[in-house]
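Colleague: Okay, handing you the structure first.
FYI, it's all coordinate maths here, none of it is from the lab. Bear in mind that the values here come from a model prediction, so they are computed numbers and not experimental data. Note that each Cβ is placed from the backbone with ideal geometry, even for glycine, and that neighbours are counted across all protein chains shown.
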Amino acid sequence: MDFVRSDGASLDPFPHYDRMRESAPVFHDEQSGSWHVFRYDDVQRVLSEHGTFSSKMGGDDPSETGQLFAASLITADPPRHRQLRSLVTQAFTPKAVEALAPRISALTDELLDGIASKGSADLIDELAYPLPVIVIAELMGVPAADRDRFKHWSDVIVSQTQAGPRTADHSSTNREMTEYFLALIEHRRRQPGNDLISNLLMAEIEGQRLSVAELLGFCSLLLVAGNETTTNLIGNAVLSFTEAPGTMERLRAEPALLPQAIEEVLRYRSPVQSMYRVTAADTAVGDVRIPAGAPLVAWIGSANRDERQFRDPGQFDIGRTPNRHLAFGHGIHFCLGAPLARLEARIALQAVLDRFPGLALSPGAHLERMDSTIVYGVKELPVSWTT
Ligand code: HEM
């Protein structure tokens with residue numbers, strides 16, 4: 001199978017997707033037993049038809065990460081999914097998130113002040129990673145000083161999504177995360193604050209408080225899952241802007257284009273390339289029959305390059321409209337953090353455009369993809385600018 005070979009995390013998985021959309025749009029990998037879906041219409045259907053394609057998998061996933069996310073909304077089906085999601089939607093509406101803009105701008109400036117005079121830096125390390133972590137840590141009432149630990153945990157979890165044996169590092173990370181969150185939950189129980197965890201502790205669904213497993217699920221999902229993805233949106237944007245000649249000049253001249261350019265990055269270099277489902281009943285995708293209980297991978301990164309949906313999909317075009325990409329999913333599980341991710345990206349990228357004239361990839365920069373076929377982004381992004 002092409003994309004689970006050891007170099008499966010290639011920075012350019014797109015030719016592989018192109019081939020699969022043509023020759024095997026619904027592919028059964030006999031070795032792993034899983035099914036893979038590559039075309040836009042099919043991916044959209046798999047993501048949104050939750051009655052047929054269930055998100056419930058944590059319970060059957062014996063790995064400790066599976067257990068950590070087992071009671072979270074991303075692995076819940078209705079009606080529990082709706083109940084859990086309703087507890088956090090208020091905190092993540094575009095309006096609620098917009099109120100965070102001044103704080104996100106101040107953080108961005110602080111981070112960039114630290115490197116502006118240097119003329120070169122790894123933008124992942126200095127901006128794209130710390131910004132989303134600090135923002136979510138503040139929302140959740142978690143000490144931002146612990147962010148290096150979150151970084152380590154999310155790196156290990158992301159590498160766990162790569163095919164291959166799990167290591168002792170994975171087990172100890174999952175244990176460490178659980179212990180950390182349990183202590184945090186206990187602390188907030190005794191000393192509630194004005195933060196998401198305290199709110200979740202008070203929340204009730206039909207008169208019932210959330211279970212500890214559900215609280216843990218929220219912590220893991222918000223603190224880890226949302227971070228690495230936003231890091232990669234910012235990183236992939238800088239990469240794409242520096243690659244396409246004239247893009248940065250155009251964005252500087254027409255700042256109103258930036259939101260649209262960010263949507264194009266989401267399509268062209270989707271930070272999440274694939275999502276899992278499991279079939280709840282016998283079904284068919286296209287003319288391929290799939291039995292009940294089959295694990296299935298919906299390739300978002302391929303759907304977003306489908307020529308049936310997008311004209312010149314291999315072209316990075318910041319003027320593209322419409323742009324109905326599936327980077328944040330589709331249907332009831334549509335990314336809760338999308339307004340926050342978009343806002344952080346807009347503020348961070350505007351600041352980079354304003355403050356770093358002549359921004360370019362550092363000469364001889366070697367770009368390496370993160371160790372995952374699911375999450376898409378580079379490990380380091382060395383750039384330089386004129387000071
Ligand atoms: C769900 C992508 C940022 C929290 C999802 C899904 C995708 C996604 C594809 C759908 C999962 C599915 O269908 O099974 C992204 C991308 C991001 C991003 C590309 C950044 C560019 C964030 C942030 C947060 C977040 C910043 C939190 C603050 C969530 C949650 C869900 C989710 C809680 C589950 C929603 C549900 O199951 O109802 N995300 N995400 N995400 N995302 Fe994001």
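Colleague: Under a crude label model (7 Å from the Cα following the beta-carbon direction), how far is Asp148 from Glu249 in nanometres?
Modeller: About 4.3 nm separates the two model spin labels.
Colleague: For Lys118, give me every one of the lysines with a C-alpha distance below 30 angstrom, ignoring sequence neighbours fewer than eight places off in its own chain.
Modeller: Correct list for Lys118: Lys151, Lys379.
Colleague: Something else now. For segment 2-384, what size does the Cα cloud have along each of its three principal axes, sorted from largest down, in whole Å?
Modeller: 58, 54, 40
Colleague: A further question on this structure: Looking only at segment 324-366, which residues have a backbone nitrogen under 17 Å from a spot 7 Å from the Cα of Thr386 in the C-beta direction?
Modeller: Answer for this model: 353-363.
Colleague: When the dipole is taken about the Cα centre of segment 2-384, and only Lys, Arg (+1) and Asp, Glu (-1) are charged at their Cβ, what size is it in debye, to the nearest 20?
Modeller: About 740 debye.
Colleague: Compute the normalised compactness of segment 282-366: alpha-carbon radius of gyration over 2.2 N^0.38 Å, N being the residue count.
Modeller: 1.55
Colleague: Where does segment 209-288 land on the Kirkwood hydrodynamic radius, alpha-carbon pairs, in angstrom?
Modeller: Every distinct Cα pair counted, the radius reaches 16.0 Å.
Colleague: Right, something else. Would you pull out the residues with amide H under 5 Å of Val285's amide H, same chain only if 5 or more places away, H placed 1.01 Å from N?
Modeller: Ile290
Colleague: While we're here: I want to verify the translational diffusion coefficient of segment 273-322 in µm²/s; compute it with Stokes-Einstein, Rh as the Kirkwood radius over Cα pairs, at 4 °C and 1.567 mPa s.
Modeller: Approximately 100 µm²/s, per Stokes-Einstein.
Colleague: Consider all pairwise Cα distances in segment 244-386 and report the whole-number % of them above 23 Å.
Modeller: Roughly 47 percent, once rounded to a whole number.
Colleague: Then there's this: Could you order the peptides 264-274, 360-370, 130-140, 113-123 from most to least packed, using the average number of other C-beta atoms within 10 Å per residue?
Modeller: Ranking, from highest mean packing down: 264-274, 130-140, 113-123, 360-370.
Colleague: Sticking with this structure for a sec: Tell me the mean residue ellipticity at 222 nm calculated for the chain from its helices only (DSSP H runs of n ≥ 4, each -39500 (n - 2.57), averaged over every residue, nearest 500).
Modeller: Mean residue ellipticity at 222 nm (helix-derived): -13500 deg cm²/dmol.
Colleague: Testing the spin-label approximation: label points 7 Å from Cα along Cα→Cβ at Ala292 and Arg103. State their distance in nm.
Modeller: Once both label points are built, they end up 4.7 nm from each other.
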